[in-house]
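In what follows, a single structure is set out as structure tokens and then discussed.
The values are calculated or read from the model by the stated rules, or taken from the named source; none is laboratory data. Values in this document were obtained by computation on a predicted structure and should not be read as measured data. Don't worry about glycine lacking a Cβ; one is built from the backbone with ideal geometry, like all the others, and counts go over all protein chains shown. Heavy atoms of the whole protein, side chains included, go into the accessibility calculation; ligands, DNA and RNA do not. Shrake-Rupley method; radii C 1.70, N 1.55, O 1.52, S 1.80 Å.
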Amino acid sequence: MGILEVKGVGKRFGGLQALSDVNLSVAENSVHAIIGPNGAGKSTLLNCFVGKLIPDTGSVMFNGQSVLGRKPHEINQMGISRVFQTPEIFGDLTVMENVMISCFAHRDGAFRIHPFETVAHEADIIEQAETMLSDVNMLDKREMHAASMSRGDKRRLEMAMCLAQEPKLLLLDEPTAGMARADTNNTIALLKEIKEKRDITMAIIEHDMHVVFSLAERITVLAQGTPLVEDTPENIKGHPKVKEAYLGESV
Amino acid sequence: MKFLGLSAKDTRFLLIVILLTLATPIILQPFPEGSGLATFNAGYPDLMQRFAIFGIFAIGFNILFGLTGYLSFGHAAFLGIGSYTVVWMYKLLDYNVIWGLPLAVVTSGLFALLIGYISLRRSGIYFSILTLAFAQMSYNLAYSVLTPITNGETGLQVYSNDPQVLISEGETSPHFFGIVMNESAKLNLGDWQFTFNNGYYFTAIIAIVVFYISLRIFRSPFGLMLRAIKTNQTRLNYTGINTRPYTLAAFVISGMYAGLAGGLMAAMDPLAGAERMQWTASGEVVLMTILGGAGTLMGPILGAGFIKYFENIFSKINDQVLHGWFEWMPDGLEDFIIGLSHFFVGKSWHLTLGLLFMLVVIFLPGGLVEGGTRIWHAIRRDRKPKGPDPEHHPEHIPHVAEKEEF
Ligand SMILES: Nc1ncnc2c1ncn2[C@@H]1O[C@H](COP(=O)(O)OP(=O)(O)OP(=O)(O)O)[C@@H](O)[C@H]1O
Ligand SMILES: [Mg+2]
């Protein structure tokens, strides 16, 4: 049994069958990549895991519990964090405040009324947030307005926000898109380091094969809403079906 | 220096606010009596009371609108509820405001809980419309079916046959343990006259307390969550935060502020009418908050002060006053200037306010506070003009980077 068990998931948007009969099992403490051409349904699949979409058919179990029908914040509190394809951050707040919010959510849960405490006095939260920011090399930007940063920085910030929650399952939707090569390599190194430090499972969508082959232990290839193959990186590399899906060649 | 859990900077800020509030009867009376400019003096008890009361209303409104971005068009309903509560306590017990005011906060809080619970199921314009609908409903109910409670069109007031079970001899108007609200001490210094009114100081001290509370909320994790709701509610949900109770808490707190403000209106003048709940009153607090600077600490207070000042001072400038000012001009020119002024003063004060509001929204999206900050920075830069200023450098980085945004 994997930590994430997806069975027979299907999702239709009007006339478009975005997902059909998707089965997927992500083993605990592994890195599982989901690849496939544009429009294959990868992001749609993640949306079904985090409560953004409810699939028409099938089931999604996390840690033995169904996530379907739960609200996004409940699913997050179960231990699933997600980095979005277009960065979702708090643009009007500073970088530091962005990360602190994750730390508060991790410590205090979905709701806590604390109007007479002071953010500046929360030494533990500040320390955690600073550690997280230094892990992603952003400590020097802590007072910057999040909205004013480059796309790559926003993505790194979002990753820091997700990691600060110490999730059991981290979902990454193209985490290195828009990043310079050096930052991409830093991101790979960071994810590897996190992986070594603590128990974490990652499901990663990525077009950059360098990232995929550096991190993934298993790869699922998705095309037109259905998994084509699932295998180890070595076997995926030369797989004819994969080439076909990506290059659109007919056999 | 730090106190009451505030940083040194906030402590200084609070002290300045306290000082200005306490000195208001002097600050607002800069011109000698009988001089041509005495019209611009605003140190009258009822006007100063209004500054403080609407300041409280706007401070509370800002906790909802300024922090979370949820724009309520129905907060006047809580104002009315607060007033009715206080007048009822006069009728049942006695004129001591100690019974009514805390109860006004509680009743308006309960109503806010109900209205907020329903309205917050939607966001954006739909939320605004729902709050507006609730407030108009309350207004109409107060006029019609609820007449036994509200005394309908006449408005609620104290009658001689009311029970007033705690009343004592000679108690005829609102007071706080014997400190009568409408009594004042007057001080004459040469041509200047200053009025120190009990009611003003009573509301001012409450205003300082609730300002302090809002300052603490702004600096708290709760305040941080509210600001996060304004910038990206989606991210907050996917970060494991249930935003609904946060917005509801903000709504209830701001409703309680409004109820307190309404209660204080009745504490200054023992009347309550349904017109206090009308949508124009709800709109007024929106204008105050935006004019001053939504989401800033001082903004709502400044906005409330500005609007009340215009309403009371510019509307008072009539032909007689204008003649007084311009009589030295040749007749034709004087008539022309006075004719022109008619568009901006007296009954037309709304036009002046409207223009001011447009100018602020267009040129100072951050409100009067932004204007103040800009002037402050300009002065500070003027003072040390030589060479690059290392202190200011970090502030510029975000601006440069903003241009890279797509
Ligand atoms: N909310 C929606 N409503 C309608 N159609 C949608 C919706 N979301 C996705 N789609 C469609 O479903 C298909 C799959 O989209 P999805 O975003 O999952 O692709 P993807 O594999 O993530 O592609 P990419 O690599 O470009 O991100 C696309 O054709 C897309 O247009
Ligand atoms: Mg996608």
Q: Being in the same structural domain as A:N186 (by TED's automatic domain parsing), at pLDDT 95 or above and at positive phi narrows it down to one of A:G64, A:G39, A:G58, so name that one.
A: A:G58
Q: Considering only the stretch B:271-379, give the helices (runs of 4 or more DSSP H) lying wholly within it that have at least 3 residues that are modelled with pLDDT of 90 or more.
A: B:279-292, B:299-313, B:349-363
(Q) Would you confirm whether or not the stretch A:34-56 contains a residue that is more than 14 Å from chain B (Cβ to nearest Cβ), within 14 Å of A:L169 (Cβ to Cβ), outside any loop (DSSP other than H, G, I, E, B) and away from ligand 2 (no atom under 16 Å from the Cβ)? (A) no
Q: Would you mind finding the one in A:F84, A:F13 that is surrounded by 22 or more Cβ atoms within 10 Å (Cβ to Cβ) and either within 16 Å of ligand 2 (Cβ to nearest atom) or within 14 Å of another protein chain (Cβ to nearest Cβ) (or both)?
A: A:F84
(Q) Tell me yes or no: at least one residue of the stretch A:187-204 is away from chain B (no Cβ under 14 Å), within 16 Å of ligand 2 (Cβ to nearest atom) and either in contact (Cβ under 8 Å) with a residue 24 or more places away in the chain or not small (G, A, S) (or both). (A) yes
Q. Looking at the stretch B:112-153, which of the residues that are in contact (Cβ under 8 Å) with a residue 60 or more places away in the chain and open to solvent by 80 Å² or more (accessible area, probe 1.4 Å) is farthest from B:I229 (Cα to Cα)?
A. B:E153
Q: Identify the single condition in (1) under 24 Å from the mean Cα position of the chain (by Cα); (2) over 25 Å from B:E284 (Cα atoms) that B:V165 does not satisfy, given that it satisfies every other one.
A: (1)
Q: Take the stretch A:101-121 and flag every residue that is facing another protein chain (nearest Cβ under 7 Å) and either farther than 25 Å from B:D10 by Cα or touching a residue at least 12 places away in the same chain (Cβ under 8 Å) (or both).
A: A:I101, A:S102, A:F104, A:A105, A:A110, A:F111, A:V119
Q) Among B:G305, B:G263, B:G259, B:G255, which is out of contact with any Phe, Trp or Tyr (no Cβ under 6 Å at 6 or more places or on another chain) and small (G, A, S)? A) B:G263
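Determine which member of the set A:L157, A:L163, A:L170, A:L133 is in contact with a strand residue (DSSP E or B) (Cβ under 6 Å, 6 or more places away or on another chain), more than 10 Å from every other protein chain (Cβ to nearest Cβ) and crowded, with 19+ Cβ neighbours inside 10 Å.
A:L170
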Q. Looking at A:I126, A:I89, A:I75, which is the one that is open to solvent by 10 Å² or more (accessible area, probe 1.4 Å) and either within 30 Å of A:P55 (Cα to Cα) or in a loop (DSSP other than H, G, I, E, B) (or both)?
A. A:I89
Q. What is the one condition in (1) more than 30 Å from B:R121 (Cβ to Cβ); (2) assigned to a helix (DSSP H, G or I) that B:D94 does not satisfy?
A. (2)
Q. Of all residues in the stretch B:218-242, which are open to solvent by less than 10 Å² (accessible area, probe 1.4 Å) and either more than 7 Å from chain A (Cβ to nearest Cβ) or out of contact with any Pro (no Cβ under 6 Å at 6 or more places or on another chain) (or both)?
A. B:P221, B:G223, B:L224, B:M225, B:L226, B:A228, B:I229, B:R235, B:L236, B:T239, B:G240, B:I241
Q.
Out of the residues in the stretch A:16-33 meeting the condition of being farther than 15 Å from A:A223 by Cβ and not charged (D, E, K, R), tell me which one is farthest from ligand 2 (Cβ to nearest atom).
A. A:N29
Q. When you go through B:G295, B:G346 one by one, which is the residue that is surrounded by 17 or more Cβ atoms within 10 Å (Cβ to Cβ), at positive phi and over 12 Å from the mean Cα position of the chain (by Cα)?
A. B:G295
